Amino acid sequence: SQTIHQWPATLVQPVGSPLSLECTVEGTSNPNLYWYRQAAGRGLQLLFYSVGIGQISSEVPQNLSASRPQDRQFILSSKKLLLSDSGFYLCAWSYRPYEQYFGPGTRLTVT
Amino acid sequence: GIQVEQSPPDLILQEGANSTLRCNFSDSVNNLQWFHQNPWGQLINLFYIPSGTKQNGRLSATTVATERYSLLYISSSQTTDSGVYFCAVGITGGGNKLTFGTGTQLKVEL
């Protein structure tokens with residue numbers, strides 16, 4: 001069966017510091033991968049998605065970037081965090097074209 | 001892009017009651033999912049239902065794609081049903097992206 005991992009589970013970072021969130025999927029190959037952000041407990045917003053290694057599509061212009069260095073690894077990064085980057089970050093995978101499955105998420109607080 | 005509206009935004013039920021949650025979407029879709037977000041934030045897949053009717057225990061869902069809506073039925077609600085229910089829709093081409101509604105916050109009381 002497939003499993004998806006995210007770490008860290010929680011993170012408190014000062015404004016201006018860098019960010020790296022990691023997501024890995026086990027039990028499948030060549031999945032679609034996604035990063036979402038949820039603010040204030042409602043409404044997930046798609047940030048990035050990837051259909052293959054090195055292929056990244058950005059949905060919302062922002063202070064963040066994504067990379068996919070390996071088939072089942074998806075990384076969300078920032079060089080300098082802003083207060084507005086606080087939120088709940090969720091990674092998801094799908095074996096196209098079917099349903100998406102979500103990881104446990106990372107709660108990021110920028111202070 | 002596709003617009004997704006969910007109703008009601010908030011719902012309080014007594015344990016044992018039944019409820020219906022609605023999801024309206026603005027364009028044709030071929031991917032529709034219902035999720036339950038528990039108090040810890042985990043999104044749990046309930047149904048993948050781009051059309052038709054499915055049932056899983058006390059939960060069932062119906063999607064009428066031609067009329068652009070989906071319904072989630074919860075019967076004999078329990079306190080563990082509390083949380084936020086999301087509908088998400090998409091087109092399977094172009095990355096299989098999902099657009100989420102703003103959710104229905106459900107609280108089930110004893």
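The values are calculated or read from the model by the stated rules, or taken from the named source; none is laboratory data. Since this is a predicted model, take the numbers as computed values, not measurements. Using ideal geometry, Cβ is built from the backbone for each residue, glycine included, and neighbour counts are taken over all protein chains shown. Ligands, DNA and RNA are excluded from the accessible area calculation, which covers all protein heavy atoms including side chains. Shrake-Rupley method; radii C 1.70, N 1.55, O 1.52, S 1.80 Å.
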| message | Out of all DSSP beta bridges in the protein assembly as shown, what portion is antiparallel? Express it as a percent rounded to 5. | response | 90
| field | Within the accessible area of chain B (1.4 Å probe), percent carbon and sulfur | value | 49
| message | How high is the relative contact order of chain B? Use alpha-carbon pairs under 8 Å, at least six apart in sequence, and give a whole percent. | response | 37
| said: Heavy atoms of the protein only, probe of 1.4 Å, neighbouring chains included. What is the accessible area of B:THR66 in Å², nearest 10? | reply: 130
| Hey, in the GNM for chain B with a 10 angstrom Cα cutoff, which one of B:ALA88, B:ALA17, B:ALA65 fluctuates hardest? | B:ALA17
| field | For B:ILE49, residues with placed amide H under 5 Å, excluding near neighbours | value | B:LEU32, B:GLN33, B:TRP34
| query | Can you give me the relative contact order of chain A as a percent, contacts being Cα pairs under 8 Å and 6 or more apart? | reply | 36
| message | For a quick check, take a GNM of chain A with Cα springs below 10 Å and name the residue from A:GLY16, A:GLY87, A:GLY27 with the largest mean-square fluctuation. | response | A:GLY27
| Residue-count net charge about A:SER17 - beta-carbon cut-off 10 Å; Lys, Arg +1, Asp, Glu -1 | +2
| query | Can you give the charge dipole size of segment B:4-109 about its Cα centre, rounded to the nearest 20 debye, using +1 on the beta carbon of Lys and Arg and -1 on the beta carbon of Asp and Glu? | reply | 220
| query | Build a GNM of chain A with springs between Cα atoms under 10 Å: which of A:LEU47, A:LEU90, A:LEU82 gets the top mean-square fluctuation? | reply | A:LEU82
| note | Note, B:GLN78: beta-carbon cut-off 10 Å, +1 each Lys/Arg, -1 each Asp/Glu, net -1
| Under a 1.4 angstrom probe, counting protein chains only, how are A:ASP85, B:ASP27 ranked by accessible area, largest first? | B:ASP27, A:ASP85
| query | Summing +1 for each Lys or Arg and -1 for each Asp or Glu, what net charge is found among the other residues whose Cβ lies under 15 Å from the Cβ of B:LEU21? | reply | +2
